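What follows is a single structure, written as structure tokens, with notes after it.
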Amino acid sequence: MAPSTKLALATSLRRLLQKKFLDDITVKELVEDCEVNRQTFYYHFQDIYDLLHWFLEHETQQALQEADTWQDALMAAFHYIRDNHIIIFHIYQSNGRDHLDCHFFTMARALCVSLLEGASSELVLSDQDMEFLIDFYMYAVSGLMMGWLADDMKEPSDQLAARISFLLEDELPRVVRRFSSHPPMGEQTTP
């Protein structure tokens, strides 16, 4: 599949999302905006939601690629949401909301994996404990992102990112130490 065609379709989706809700965008509008035919669209994507999924994955990768630390990635995630608030709002208020939630989970998971890998670099955690901690903090961070969006992003993004960073910076190493030295009941550590 030609990445340039997929990217062109995603760029058209971005343009249309700046003007209208996702539910109001048709394949016909997309292909006219992109100057391709319907067959080309359906060669690459099953429907608009399939394109939306690809678009959000691509956007996540682009938003986080420059981040050197988890704090930078956190800031980049909030800046992405702030800078693209109209597009995100038009997805948020549509049937594509599930894809947006997954987008936030993907961004938050990438942050949490990076953070927990750094916090556990010298300690032994079971795979089960690592996955539990990643999921726990992923849902917390993505929930804050979604809540911030639902609240019309009233709190400045830098301030919210700084508060999350302040909370997690010392908290994660402490939690990792605790899990590595005293696994939860019913679990045994592996050598």
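The values are calculated or read from the model by the stated rules, or taken from the named source; none is laboratory data. In this text the structure is predicted, and so the values were computed from the model without any measurement. Glycine also receives a Cβ, built like all others from the backbone with ideal geometry; neighbour counts cover every protein chain displayed. All accessible areas refer to the heavy atoms of the entire protein, side chains included, with ligands and DNA or RNA removed. Shrake-Rupley method; radii C 1.70, N 1.55, O 1.52, S 1.80 Å.
For the residues Asp33, Asp98, the requirement of being touching a helix residue (DSSP H, G or I) at 6+ places or on another chain (Cβ under 6 Å) and surrounded by fewer than 18 Cβ atoms within 10 Å (Cβ to Cβ) singles out Asp33. Candidates in the range 1-30 are the residues that are more than 17 Å from Thr60 (Cβ to Cβ) and polar (S, T, N, Q); of these, the one that is surrounded by the fewest Cβ atoms within 10 Å (Cβ to Cβ) is Ser4. Note on the range 159-172: among residues that are of a type outside the set (Ser, Thr, Tyr) and open to solvent by less than 40 Å² (accessible area, probe 1.4 Å), the one that is modelled with the lowest pLDDT is Leu172.
Checking Leu74, Leu52 one by one, the residue that is open to solvent by less than 20 Å² (accessible area, probe 1.4 Å), in contact with a Gly (Cβ under 7 Å, 6 or more places away or on another chain) and either modelled with pLDDT of 90 or more or among the hydrophobic types (A, V, I, L, M, F, W, C) (or both) is Leu52 and no other. Selection within the range 116-158: residues that are outside any helix (DSSP H, G or I), touching a residue at least 24 places away in the same chain (Cβ under 8 Å) and under 16 Å from Val176 (Cβ atoms). The member of this set that is most open to solvent (accessible area, probe 1.4 Å) is Val124. Among (1) farther than 30 Å from Thr11 by Cα; (2) polar (S, T, N, Q); (3) open to solvent by less than 70 Å² (accessible area, probe 1.4 Å), which single condition is Asn84 missing? Of the numbered conditions (1) farther than 30 Å from Thr11 by Cα; (2) polar (S, T, N, Q); (3) open to solvent by less than 70 Å² (accessible area, probe 1.4 Å), the odd one out for Asn84 is (1).
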